[in-house]
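Taking it in order: structure first as structure tokens, then the write-up.
The values are calculated or read from the model by the stated rules, or taken from the named source; none is laboratory data. Bear in mind the structure is a predicted one, so any value in this text is a computation, not a measurement. Every residue, glycine as well, gets a Cβ built from its backbone with ideal geometry; the counts of neighbours run over all protein chains shown.
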Amino acid sequence: MENESSEESLGRKHPGVEREYRNSEIAVYWEPKLCTHVGNCFRGLPLVFQPQVRPWVLVNAGSAEDIARVVMTCPTGALHFERLDGGEQEPEPDETTVKVQVNGPLYLRGKVRIVGPGNHLIREDTRVALCRCGHSNNKPFCDGSHFRVKFDTQV
């Protein structure tokens, strides 16, 4: 795992995580293969989430509370956090919901368990974006291909 933070790494705790950004209060984990660049992160906290610079997550530029709040708005599950300061961890929603994006993916929130053929566990998470257009190169997850193919749901 590549650690783009200047402080000590926890090590790889989460499968699929390619980037970890941390300070003494919070660790932010990013899985680029799940990111569809919705932009909730950089619109929600532009001093912390700066996709045009490297490292792109500047955990020292915001409070752990604000960072955690914005990370939870990521609909794909590409961003997660771990509070290192004793603050509240990411909650698991009481119910599972599915939000249909017009011309886009299905956003699931809740206790999501995706199982493939032979009961092979694909992913357990609290937030995922599932492909509806059929063109994702990361099925069953959305990779943003719906933009390229101009997917139209007529809704």
Could you say whether any residue in region 87-105 is touching a Pro at 6+ places or on another chain (Cβ under 9 Å) and in a loop (DSSP other than H, G, I, E, B)?
yes
Sole exception among (1) in contact with a strand residue (DSSP E or B) (Cβ under 6 Å, 6 or more places away or on another chain); (2) more than 25 Å from Leu108 (Cα to Cα); (3) at pLDDT 95 or above for Glu25, by number:
(1)
Unique residue being more than 30 Å from Gln154 (Cβ to Cβ) and surrounded by fewer than 18 Cβ atoms within 10 Å (Cβ to Cβ) when the list is Val53, Val98
Val53
Across region 35-50, what is the total count of residues that are over 24 Å from Pro105 (Cα atoms) and touching a Ser or Thr at 6+ places or on another chain (Cβ under 7 Å)?
0
Can you tell me which residues in region 26-70 are under 17 Å from Val128 (Cα atoms), of a type in the set (D, E, K, R) and not in a helix (DSSP H, G or I)?
Glu31
Across region 79-91, what is the number of residues that are more than 22 Å from Gly39 (Cα to Cα), among the charged types (D, E, K, R) and in contact with a Ser or Thr (Cβ under 9 Å, 6 or more places away or on another chain)?
1
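Condition check ((1) exposed (fewer than 14 other Cβ atoms within 10 Å of the Cβ); (2) closer than 26 Å to Glu25 by Cα; (3) without any contact (Cβ under 8 Å) to a residue 12 or more places away in the chain) across all residues:
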residue: Pro46; (1), (2), (3): yes, yes, yes
residue: Val57; (1), (2), (3): no, yes, no
residue: Ala61; (1), (2), (3): no, yes, no
residue: Val71; (1), (2), (3): no, yes, no
residue: Gly77; (1), (2), (3): no, yes, no
residue: Glu124; (1), (2), (3): yes, yes, no
